[in-house]
Structures are given as C-alpha cells and as structure tokens.
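No lab work stands behind these numbers, since they all come straight from the coordinates. Please read all numbers here as calculations on a predicted model, not as lab measurements. Please note: Cβ atoms are built from the backbone with ideal geometry, for glycine as well, and neighbour counts cover all protein chains shown.
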Amino acid sequence: MMNCAVNYLSDRGSLFIYGPFKVDGRYTTPSNEEFDTTLLSYKVPTWRLKDIVDINKATQKYGLTLKEKVDMPSHNFTLIYSLR
C-alpha cells in the first residue's frame with residue numbers, strides 16, 4: 001500500500017488511514033481487543049489490529065511521515081501521512 005501511495009501522491013498530497021489501531025502495543029478499548037481476537041481466530045497472520053508504531057515504521061521506508069493522528073468516534077483514529 002505504501003509503495004502505491006508514494007507513486008500517486010503529489011508533493012502536497014496526503015495518505016489517510018482510518019480504523020482501530022493499537023497504540024504503543026496496547027489496545028485502546030476492550031472492544032478493540034475483542035475485535036483483534038476475532039481477526040486472529042481466522043488464522044490469517046495479516047488480519048489483526050496494527051500498531052501505529054508499526055505503521056509508522058512501514059511508512060517511513062517510503063518517505064512518508066505521520067503529520068497528524070485524529071481521534072475519531074468508536075475509539076478509531078485517522079492517521080494522516082505526507083511525503084517529507
């Protein structure tokens with residue numbers, strides 16, 4: 001996804017990622033932990049709540065920087081990335 005994003009983003013463009021995430025290895029709510037447990041039960045390793053720290057590491061490899069983390073309803077976040 002990051003490779004695709006940097007190929008289509010202009011210098012002023014932004015990548016928005018929305019959803020429930022872990023923050024510094026912790027769930028933000030019991031319901032997010034339950035959701036992650038459900039995802040993991042399907043035995044697909046990539047189906048799980050991602051940690052914002054890990055997303056930041058992935059985006060940095062492609063020159064994207066987290067500009068803003070916006071709290072959203074239902075304990076979700078919008079992460080806003082842009083090229084450096």
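Please report, for the Cα atoms of the chain, the Rg to one decimal and the Dmax as a whole number; what are they, in angstrom?
According to the Cα coordinates of the chain, Rg and Dmax are 13.6, 40 Å.
For the chain, find the longest principal axis of its Cα atoms and tell me its angle to the long axis of helix 30-41, 0 to 90°, nearest 10.
Between helix and principal axis, roughly 90 degrees.
As a check on your grasp of the helix formula, calculate [θ] at 222 nm for the chain: sum -39500 (n - 2.57) over DSSP H runs of n ≥ 4, divide by the residue count, round to the nearest 500.
-9500 deg cm²/dmol
Report the net charge of residues surrounding Thr78, where surrounding means a beta-carbon distance below 9 angstrom and charges are Lys +1, Arg +1, Asp -1, Glu -1.
-1
What order do you get for 13-23, 67-77 when each peptide is scored by the mean count of other beta carbon atoms within 10 Å, highest first?
13-23, 67-77
Could you work out the relative contact order of the chain? I mean the mean sequence separation of Cα pairs under 8 Å and 6+ apart, divided by the number of residues, in percent.
Normalised by residue count, the contact order of the chain is 41 percent.
According to the square roots a ≥ b ≥ c of the eigenvalues of the Cα gyration tensor, what is the shape class of region 36-84, taking rounded for a/c under 1.5, prolate for a/b larger than b/c otherwise, and oblate for the remainder?
Oblate.
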